[in-house]
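To start, the structure under review is shown below, and the notes come after it.
The values are calculated or read from the model by the stated rules, or taken from the named source; none is laboratory data. Note that the structure is predicted; figures quoted are calculated from it, not measured. Every residue, glycine as well, gets a Cβ built from its backbone with ideal geometry; the counts of neighbours run over all protein chains shown.
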Amino acid sequence: MEWLEAELARIATTDDLHISPLRDDGTTYGTPTWIWSVVVEDVLYVRAYNGQRSRWYQAAIKQKAGRIIAAGMTIDVGFEPVDGAVNEAIDEAIDEAYRAKYGNSSYLGSMISPRARAATVRIAPFTIKD
């Protein structure tokens, strides 16, 4: 399923995205983790600050599903790793989106570092609940 334009626009402008991949039981959502998000070409992306060792990243890649809470919406989503080695242009575009949205933050360097780039995740919606 693809994002509805209005929902994606709301998410793109907010800084309050929380991610909760499913736990190992496949039905219970993990503890929400606040994370930076960006939109590039109508696709929602996040990166793990601590790279591929991040707990939420490992759960997202293993379970491939979970939920996000953003802009007052709770959305059941799917997670897909992004292989920037295959498509370096997407990593560059995501870096630029991070610079544009979070350019004043002292954490920006970490979020566009090779460690975080290696833990980039594409998020797609399943259903939207207001």
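Matching residues to (1) surrounded by 16 or more Cβ atoms within 10 Å (Cβ to Cβ); (2) in contact with a Ser or Thr (Cβ under 6 Å, 6 or more places away or on another chain):
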position: 43; (1), (2): yes, no
position: 46; (1), (2): yes, yes
position: 50; (1), (2): no, no
position: 53; (1), (2): no, no
position: 60; (1), (2): yes, no
position: 68; (1), (2): yes, no
position: 75; (1), (2): yes, no
position: 83; (1), (2): no, no
position: 91; (1), (2): yes, no
For residue 83, state whether it is touching a strand residue (DSSP E or B) at 6+ places or on another chain (Cβ under 9 Å), without any contact (Cβ under 8 Å) to a residue 12 or more places away in the chain and of a type in the set (D, E, K, R).
yes
Mind checking which residues of the range 40-65 are in contact with a strand residue (DSSP E or B) (Cβ under 7 Å, 6 or more places away or on another chain) and free of Cβ contacts under 8 Å to residues at least 60 places away in the same chain?
56, 59, 63, 64
Would you check which residues across the range 102-130 are among the basic types (Lys, Arg), modelled with pLDDT of 95 or more and closer than 22 Å to residue 67 by Cβ and list them?
122
Count of the range 1-39 residues which are free of Cβ contacts under 8 Å to residues at least 40 places away in the same chain and in contact with a Ser or Thr (Cβ under 6 Å, 6 or more places away or on another chain)
3
Single residue of the range 14-40 satisfying the filter (at pLDDT 95 or above and either basic (Lys, Arg) or more than 21 Å from residue 62 (Cα to Cα) (or both)) that is surrounded by the most Cβ atoms within 10 Å (Cβ to Cβ):
38
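Across the range 24-63, what is the number of residues that are among the hydroxyl-bearing types (Ser, Thr, Tyr) and either in a strand (DSSP E or B) or touching an Asp or Glu at 6+ places or on another chain (Cβ under 8 Å) (or both)? Steps first, please.
Step one: filter the range 24-63 for residues among the hydroxyl-bearing types (Ser, Thr, Tyr), giving 27-29, 31, 33, 37, 45, 49, 54, 57.
Add one more test, that the residue is either in a strand (DSSP E or B) or touching an Asp or Glu at 6+ places or on another chain (Cβ under 8 Å) (or both), and what stays is 29, 33, 37, 45.
Within the range 24-63, residues that are among the hydroxyl-bearing types (Ser, Thr, Tyr) and either in a strand (DSSP E or B) or touching an Asp or Glu at 6+ places or on another chain (Cβ under 8 Å) (or both) number 4.
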